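Chemist: The structure is given below, and queries will be raised subsequently.
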Amino acid sequence: MAINELQGCLGDVCETGDQQNGSSSYAGFYFNFCTLISHVLLTGITVAIVYKCLVLKLAHTAGHAFYCTIAFVFFMGEALLVRNSRSLEAWIGQTNLNRLHAILGLLAFLVGVGGIAIKTWQKLERKREDPNATVRHFRSNHGFFGIVGCALLLGSVLSGLPLYFISSSVTLKFLHRFFGLIGFLALMVSQMFGYNTGFGRRQWKRHHQNLFKFFTFIATITTSNYELRRFVRDIFVLISNSLFQAEPVQAREDL
């Protein structure tokens, strides 16, 4: 009787393990599929807008759209994707993966700030040429979410630099992921509002604008969903550490 019960319990344990392995494989397939979709959409959106801006010779708003799309859509999106790539980590190693993630994030900030500066300078020049002209800075939905996202991206860069040397700070990881994830979401919302601006209406027909919005929305979801999952996990880890133990901090040795 006892032997039969033990065998039954072992069978339940094995079955549970098989279910967990199956669930893990399904999750892995789902996130890998989302990553593939993200790479395609981020690249496609960037190429389409960059091509249009080059045709316009980066004149006026085209220069702003050129640099901001490369920075906030492509560099920022790819920075999130490569950081969670198991295959890329196996190929180039964790240290090089961290460096690639940092380079993409830094490029996103620097190139993006340059794109914002171009538009700001153009507005200042317009005001200087015509003092009666109505010039608004960051008051539209596009501008507001853009500057908020850029500020959050700065927070991500500043919180990410210490992680390059100290890798075990849960609080710092949480802040870095928070700034990066929320910043990316804000910047993609700004991108979608950008299709409604005068530049977007002049350069693309209505159905093309809607397609851009749709693909940008899908790219936002597929790019951020895995990072959102890890962000929620970090919240539970942070709460657990604050309740039961002190947070350890160790210097990194893989540099």
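Each row is one residue, and each column tells you yes or no for (1) in contact with a Phe, Trp or Tyr (Cβ under 8 Å, 6 or more places away or on another chain); (2) closer than 25 Å to residue 31 by Cα.
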site	(1), (2)
181	yes, yes
187	yes, yes
191	yes, yes
194	no, no
199	no, no
203	no, no
206	no, no
211	no, yes
234	yes, yes
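Chemist: Does residue 114 meet the test of being more than 17 Å from the chain's Cα centre (by Cα) and at positive phi?
Modeler: Judged against the criteria, residue 114 is not a match.
Chemist: What's the number of the only condition in (1) under 30 Å from residue 72 (Cα atoms); (2) at pLDDT below 95; (3) assigned to a helix (DSSP H, G or I) that residue 58 fails to meet?
Modeler: (3)
Chemist: If you don't mind, there's one more thing I want to ask. Name, by its number, the condition in (1) touching a residue at least 40 places away in the same chain (Cβ under 8 Å); (2) surrounded by fewer than 14 Cβ atoms within 10 Å (Cβ to Cβ); (3) of a type in the set (A, V, I, L, M, F, W, C) that does not hold for residue 73.
Modeler: (2)
Chemist: Another question, if that's okay. Scan segment 79-115 residue by residue and report those that are closer than 19 Å to residue 45 by Cβ and touching a His at 6+ places or on another chain (Cβ under 8 Å).
Modeler: Those that are closer than 19 Å to residue 45 by Cβ and touching a His at 6+ places or on another chain (Cβ under 8 Å): 79, 81, 82, 115.
Chemist: Another question, if that's okay. Quick one: which helices (runs of 4 or more DSSP H) lie wholly within segment 140-255 and hold at least 3 residues that are at pLDDT below 95 and loosely packed, with under 13 Cβ neighbours inside 10 Å?
Modeler: By residue number, 198-203, 206-244.
The values are calculated or read from the model by the stated rules, or taken from the named source; none is laboratory data. Values in this document were obtained by computation on a predicted structure and should not be read as measured data. Every residue, glycine as well, gets a Cβ built from its backbone with ideal geometry; the counts of neighbours run over all protein chains shown.
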